[in-house]
Amino acid sequence: MTDVQELNEGDIHEKEITIIVNTREKTVTTKELTVDELVALAFEDPPTGEFICFTITYRRGRGNKPEGTLNEDESVRIKEGMVFNVTATDKS
């Protein structure tokens, strides 16, 4: 069996979930996303620097917390159609 065949067979079990990040549709195959993963989805070339921080808000989320804000070390369980806004700010 080739590497491509093994990869394709593994992909069959992963459900694709469409979310909106900064007004753009993104497709992911994980049930949970971290702040770093959301920043990577939001920016092709994320701003960097000592004083850069990111604010992430979401809506249309799961269960009893359908909207909120993520802190630096948090993650969030996602669902189809969930909406994220990721902004970069300079703390200086």
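The values are calculated or read from the model by the stated rules, or taken from the named source; none is laboratory data. These numbers were taken from a predicted model, which means no experiment stands behind them. Note that each Cβ is placed from the backbone with ideal geometry, even for glycine, and that neighbours are counted across all protein chains shown.
For region 60-77, which positions are surrounded by 13 or more Cβ atoms within 10 Å (Cβ to Cβ) and touching a residue at least 24 places away in the same chain (Cβ under 8 Å)?
70, 75, 76, 77
Could you list, in sequence order, all residues of region 75-92 that are assigned to a loop (DSSP other than H, G, I, E, B), among the charged types (D, E, K, R) and under 22 Å from residue 24 (Cβ atoms)? Step through it out loud before you land on a result.
Residues of region 75-92 that are assigned to a loop (DSSP other than H, G, I, E, B), as a first pass: 78-82, 91-92.
Applying the additional criterion that residues be among the charged types (D, E, K, R) yields 79-80, 91.
Within region 75-92, 79, 80 meet the criteria.
For residues that are small (Gly, Ala, Ser) and under 13 Å from the mean Cα position of the chain (by Cα), scanning just region 49-88, find the one that is nearest to residue 20 (Cα to Cα).
Step by step, filter region 49-88, then rank; the result is 81.
How about region 31-60: which of its residues are part of a loop (DSSP other than H, G, I, E, B) and at pLDDT 95 or above?
Of everything in region 31-60, those that are part of a loop (DSSP other than H, G, I, E, B) and at pLDDT 95 or above turn out to be 43, 60.
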